[in-house]
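The values are calculated or read from the model by the stated rules, or taken from the named source; none is laboratory data. Not measured: the values here are computed from a predicted model. Positions of Cβ are backbone-derived with ideal geometry, glycine not excepted, and every protein chain shown enters the neighbour counts. Accessible surface areas use protein heavy atoms only, side chains included; no ligands, DNA or RNA. Shrake-Rupley method; radii C 1.70, N 1.55, O 1.52, S 1.80 Å.
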Amino acid sequence: MVNESEFIKDLTATKILSSAEINKLCKEAQAKNMLFFDYLLEEKLIKEEEAFGKIAKIKGVPFVDLATETIRKDILQIVPEPIAQSHSVVAFDKKGDTFRVATLDPTDLQTFAFLEKKIEAPLEIYYTTPSSIANVLKQYHRSLKAEFEKITKQEGGEGEDDEKLKEMAEDLPIVRVVDTLLEYAIFEGASDIHIEPGEKEVAIRYRVDGVLREVMTLPRKVHPGLIARIKILSNLKLDEHRLPQDGRFKIETEDYKISFRVSVIPIFDGEKIVMRLLNESNKILTLEQLGFQDSALAAIRRNIEKPNGMVLVTGPTGSGKTTTLYTVLNMLNKPGVNITTIEDPIEYRMAGVNQSQVNPKIGYTFAAGLRAFLRQDPNIIMVGEIRDTETADIAINAAMTGHLVLATLHTNDAATALPRLQDMKIASFLIASTVNIIVAQRLVRRICPNCIQKYKLPADVIKELEESFDLKNIMEVYKKNNLVKGSIGWRDLEFYKGKGCNQCKDGYKGRMGIYEVLEVTPVIGDLVLKDSSSEVIMKKAKEQGMITMLEDGFIKAKNGITTIDEIVRVTKE
């Protein structure tokens, strides 16, 4: 909860301990594998209230000690529990229209702005102690427990009738918990919410920047009410517990417009819900903002300007393929062209583009939609995904007959996309003559700009990297891109990482892509005609100057955009 480096800096300024004493105590804390602040308290080397009171004076913020205070329930609930936990900020009093909140980070302006909008009232910020925050957080659990008693008395189970489930779904504690979960997920920038029932409790997890993390656990008996509330929001059948269901709903405010795609499946301990969040007010980014650089950027621009042919984007689910295609569509979206898309589902709304969603239940598949599109005089067609031979065949023929076709495909790298189309029974000469360019991609987390720091790779990490990657080749790439000069070794290279702060928690904030862009030149086309393997195609593309996804990742790690750890994580998946 306490930012160690910030605390050490503030403690030095108070002169409670000298710099020499602090350095000595830091080493002692490290030797005991303890956090510096915890070590000071355990050894009774500082009085918490006195130290934080003096730090508050230095920061120019009023101080409050809540270590033994009981907060009124209506004031406590002003700050949702997940935000109180993750950002160490709690409401403790109200004076007129102004709410007083206590925090360990008075510079966390983003959180304060969010709370002011949520409660529609001004805030007065106070500095406090970690013990105060811990004490108030315990009161949340007591408050929730009391509110949940109403529900738990109703003996939750799987056999409730419609009316009883509706009652539970409209119970104020349930409504409040669901609202808090949704609001906090939006605030944290989560892409998915997982509600997972266990034998004794319900786990709530968010996927933020591609990584799942647990945000809270709830009593098991609130599960039926929780599921019923979300089913009502999504217009799903309340009394169906044995079959999967899919639905959606929308939350719209002045600040955002979020669409929730809801999936319910039966599992051993009840029903599990996953909600995908789609921010409809997101602005389309540029190719540079997505992370395309230099030669890759030039190759994409060159090939999307062609009047016909195929542009393929490949990668696993959740690697940002659709975002890349929409960015390209946005560049091509001009009054003089007719653009039609077929998607599953439509993830972004784009003015001036005719967007259509597949519906397999009534036979409206990608292939059926594509066939119909060709009678609509399109210039540009986007296919959400090429999954089968029929779709591939129609898409290739459309690309050959004067249309520019954008599509996604599931392959691990760019070169494999060409043999993959051959596996779908597409003739080699058609592939060679219609595919213009292939982009393969993954998403990596960006280093948080607020807490970025330099470091050098330890010897054991370099040894591990050598076992998995060709470090000599990567060093040559660095030299070719003027990132290093002379005969420098891996131990001397500086890389970057985030140390973790209140704005990011784990050193990362946001994501960007790492890419390889394979242009189908006449030479590559000849290899496709000869039914060459993806390895042969990849080797020739690299000879022609293609930077691989791994190399692009290492370049971005050297430039301080992401970390070596992230590159290892996403390229080994």
Residues satisfying the stated conditions in region 50-69, i.e. loosely packed, with under 15 Cβ neighbours inside 10 Å and in contact with a Ser or Thr (Cβ under 7 Å, 6 or more places away or on another chain): Ile58
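Can you go through Ala351, Ala367, Ala372 and tell me which one is in contact (Cβ under 8 Å) with a residue 24 or more places away in the chain and hydrophobic (A, V, I, L, M, F, W, C)? Before you say what the answer is, go through the steps one by one.
Working: Ala351 fails: in contact (Cβ under 8 Å) with a residue 24 or more places away in the chain; Ala372 fails: in contact (Cβ under 8 Å) with a residue 24 or more places away in the chain.
When all the criteria are applied, what remains is Ala367.
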Test: residue in region 297-320 that is over 29 Å from Ile514 (Cβ atoms) and either surrounded by 21 or more Cβ atoms within 10 Å (Cβ to Cβ) or touching a Lys or Arg at 6+ places or on another chain (Cβ under 6 Å) (or both): no
Residues that are more than 22 Å from Ile300 (Cβ to Cβ) and buried (at least 23 other Cβ atoms within 10 Å of the Cβ), drawn from region 553-562: Ala557
Residues that are in contact with a strand residue (DSSP E or B) (Cβ under 8 Å, 6 or more places away or on another chain) and either modelled with pLDDT under 60 or of a type outside the set (Asp, Glu) (or both), drawn from region 116-143: Ile119, Ala121, Pro122, Leu123, Ile125, Tyr126, Tyr127, Thr128, Ser132, Ile133, Val136, Leu137
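Just one of Thr323, Thr340, Thr327 is assigned to a strand (DSSP E or B), buried (at least 17 other Cβ atoms within 10 Å of the Cβ) and without any contact (Cβ under 8 Å) to a residue 60 or more places away in the chain; which is it? I'd like the intermediate steps shown before the answer.
Details: Thr323 fails: assigned to a strand (DSSP E or B); Thr327 fails: assigned to a strand (DSSP E or B).
Step by step, each of Thr323, Thr340, Thr327 is checked, and only Thr340 is assigned to a strand (DSSP E or B), buried (at least 17 other Cβ atoms within 10 Å of the Cβ) and without any contact (Cβ under 8 Å) to a residue 60 or more places away in the chain.
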Matching strands (runs of 3 or more DSSP E) fully within region 401-511 where at least 1 residues are more than 30 Å from Tyr326 (Cβ to Cβ) and open to solvent by 50 Å² or more (accessible area, probe 1.4 Å): 452-456, 494-498
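Among the candidates Arg242, Arg229, Arg248, which residue alone is under 29 Å from Glu120 (Cβ atoms), without any contact (Cβ under 8 Å) to a residue 60 or more places away in the chain and of a type in the set (D, E, K, R)? Don't jump to the end; show me each part of the working.
Values: Arg242 fails: under 29 Å from Glu120 (Cβ atoms); Arg229 fails: without any contact (Cβ under 8 Å) to a residue 60 or more places away in the chain.
Going through Arg242, Arg229, Arg248 in turn, the sole match is Arg248.
Please verify whether region 171-186 includes one or more residues that are over 30 Å from Cys504 (Cβ atoms), of a type outside the set (Ser, Thr, Tyr), over 28 Å from the mean Cα position of the chain (by Cα) and open to solvent by less than 30 Å² (accessible area, probe 1.4 Å).
Of all residues in region 171-186, those over 30 Å from Cys504 (Cβ atoms) come to 171-175.
Those left that are additionally of a type outside the set (Ser, Thr, Tyr): 171-175.
Now drop any that are not over 28 Å from the mean Cα position of the chain (by Cα), which leaves 171-173.
Pick out the ones that are also open to solvent by less than 30 Å² (accessible area, probe 1.4 Å) and you get 171, 173.
Looking through region 171-186, at least one residue is over 30 Å from Cys504 (Cβ atoms), of a type outside the set (Ser, Thr, Tyr), over 28 Å from the mean Cα position of the chain (by Cα) and open to solvent by less than 30 Å² (accessible area, probe 1.4 Å).
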Out of Ala84, Ala113, Ala102, Ala91, sole residue that is surrounded by fewer than 19 Cβ atoms within 10 Å (Cβ to Cβ), within 32 Å of the chain's Cα centre (by Cα) and small (Gly, Ala, Ser): Ala113
Flag for Leu550 being over 25 Å from the mean Cα position of the chain (by Cα) and surrounded by 14 or more Cβ atoms within 10 Å (Cβ to Cβ): no
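Out of all the residues in region 347-365, is one or more open to solvent by less than 30 Å² (accessible area, probe 1.4 Å) and in a helix (DSSP H, G or I)? If you could, list the steps in order and put the result at the bottom.
Narrowing region 347-365 to residues open to solvent by less than 30 Å² (accessible area, probe 1.4 Å): 350, 353, 356, 358.
Those still in the list that are in a helix (DSSP H, G or I) too: none.
No; the residues of region 347-365 include none that is open to solvent by less than 30 Å² (accessible area, probe 1.4 Å) and in a helix (DSSP H, G or I).
If you take the residues in region 368-400 that are at negative phi and acidic (Asp, Glu), which one is surrounded by the fewest Cβ atoms within 10 Å (Cβ to Cβ)? Let's see the steps before the verdict.
Of all residues in region 368-400, those at negative phi come to 368-376, 378-400.
Checking which are acidic (Asp, Glu) leaves us with 385, 388, 390, 393.
Values: Glu385: 18, Asp388: 12, Glu390: 17, Asp393: 19.
Of everything passing the filter in region 368-400, Asp388 is surrounded by the fewest Cβ atoms within 10 Å (Cβ to Cβ).
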